[in-house]
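The values are calculated or read from the model by the stated rules, or taken from the named source; none is laboratory data. Note that the coordinates shown come from a computational prediction; the quantities given were computed from them, not determined experimentally. Reconstructed Cβ throughout: ideal geometry from the backbone, glycine too, with neighbour counts over all protein chains shown. Ligands, DNA and RNA are excluded from the accessible area calculation, which covers all protein heavy atoms including side chains. Shrake-Rupley method; radii C 1.70, N 1.55, O 1.52, S 1.80 Å.
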Amino acid sequence: MEVIEHVAAIRRDGERLAAAAAGSGLDAPVPSCPGWVTRDLVRHLGGVHRWATGIVAGRYPQPWKVGLDEVVGAWPSDPELLGWFRDGHSALITALAEAEPDLDCWTFLAAPSPLAMWARRQAHETAVHRVDAELAAADLLEPLPPVFAADGIDELLTCFITRPGGGLKTDPPQNLRVRCADTAGDWLVRIGPDGVTTTDGADHAGAAHCEVTGRAADLYLLLWNRPEAESLTVQGDGRVLELFRDQVRVRWSRD
């Protein structure tokens, strides 16, 4: 996917999140984020948007090691919260849309360029939390486009979980294959005692201890630990998938 497509996704899902939050009310529990209510969700994503905007617009060459309290300064009151969220969402879109292709700033995931990394990361950060907001509002989930969902799976499997120091490990090694049924996307995740490597699953047919297949949008939600779709097909040792879901938790980090 191109930067312009990721920016369009940020716009779409941020607007849907705000609409869902307005419908649910700020005290609605978020079932996919235990212990959170919608207020927490809106505050979190509004802070992350401002953090990302600061790095992109400020061209920070090193990690901006601040907590969200420091990024935000003063958190808005409940009546101001959704307007505050929309302001930060709009500022992020503007920063990404107006950034030069050769933007040079700090990144933390592999990508063709810093601009590509930040647009992709914020697109999927916003999409996942849009899902959370719709679950809290008991809204019908807006399906994620297959190509976008496959892109998010790829980010998770090839960029996030393969970073040094990741928590996904097992001994003896186990292999998990993830295949999209409705768009291009096939990954073999090799989980060992020292971490993870991810390669093209089609190149290693028969190497998986567990294989999960389904629509890209359903796989996306499964792997990001959101609601599991009944339409997914799991073959082989399901404990490998359980290991993945138990150990992979992407959390806010200053680094």
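Odds and ends about this structure:
- Of Trp51, Trp75, Gln62, farthest towards positive along the dipole that unit charges on Lys, Arg, Asp, Glu beta carbons give the range 42-88: Gln62
- For the peptides 166-175, 230-239, residues were scored by their other Cβ atoms within 10 Å and the scores averaged per peptide; the highest-first order is 166-175, 230-239.
- Ellipticity at 222 nm from helices only: DSSP H runs of n ≥ 4 in the chain, each -39500 (n - 2.57), divided by the residue count, give -15000 deg cm²/dmol.
- Over all Cα atoms in the range 1-52, the spread is summed up by Rg and Dmax: 12.4, 36 Å.
- Charge dipole (debye, nearest 20) of the range 1-40; +1 at Cβ of Lys and Arg, -1 at Cβ of Asp and Glu: 100
- Between Leu141 and Asp182, the simple spin-label model (points 7 angstrom out along Cα→Cβ) gives 1.1 nm.
- Percent accessible area from carbon and sulfur atoms, the range 11-98, protein chains only, probe 1.4 Å: 51
- Mean sequence separation of contacting Cα pairs (under 8 Å, at least six apart), scaled by the length of the chain, corresponds to a relative contact order of 19 percent.
- Computed from the Kirkwood radius of its Cα pairs, the Stokes-Einstein diffusion coefficient for the range 1-146 at 20 °C and 1.002 mPa s stands at 139 µm²/s.
- When Met117, Met1 are compared by accessible area at a 1.4 angstrom probe, the order from most to least is Met1, Met117.
- Cα centre as origin, Lys/Arg/Asp/Glu Cβ charges: the range 98-233 dipole, Debye: 420
- 5 angstrom amide H check on Val196, placed H, neighbours 5+ away: none
- Using equal-weight Cα scatterers in the Debye expression, the normalised intensity of the range 31-85 in log10 at q = 0.23, 0.28 Å⁻¹ is -0.92, -1.13.
- DSSP H segments from the chain that extend 20 Å or more along their own axis, Cα-based, with Kyte-Doolittle mean of 0.0 or above: 3-24, 38-58, 78-98
- Histogrammed with a bin width of 10 Å, the alpha carbon distances of the chain distribute as 7, 30, 35, 23, 5, 0 percent, first bin at zero.
- Bins of 5 Å, starting at 0 and running to the largest distance - Cα pair percent for the range 195-255: 4, 14, 22, 28, 19, 7, 4, 1
- Once the 1.4 Å probe is applied to the protein heavy atoms, the range 180-247 comes out at 48 Å² accessible per residue.
- When a 1.4 Å probe is rolled over the protein heavy atoms, the share of accessible surface on the range 142-255 that falls to carbon and sulfur comes to 46 percent.
- With the charge dipole of the range 191-240 set up from +1 on Lys and Arg Cβ and -1 on Asp and Glu Cβ about the Cα centre, the Cα lying farthest toward the positive end among the listed residues Asn225, Pro193, His209 is that of Asn225.
- Table column - 3J(HN,Hα) (Hz), the range 99-110, Karplus curve with 6.51, -1.76, 1.60, x for Gly and Pro: 5, 6, x, 8, 2, 10, 7, 5, 9, 9, 9, 5
- Beta bridges by DSSP in the chain, antiparallel share as percent, to the nearest 5: 75
- Within the chain: Cβ-based charge dipole about Cα centre, in debye rounded to nearest 20 (Lys, Arg +1; Asp, Glu -1): 420
- Kirkwood Rh, angstrom, the range 115-171 [1 / mean 1/r, Cα pairs]: 13.0
- Quick note on the range 151-210: its Rg to Rh ratio, both from C-alpha atoms and Rh being the Kirkwood radius, is 0.96.
- Rh (Kirkwood; distinct C-alpha pairs) - the range 94-221, Å: 16.1
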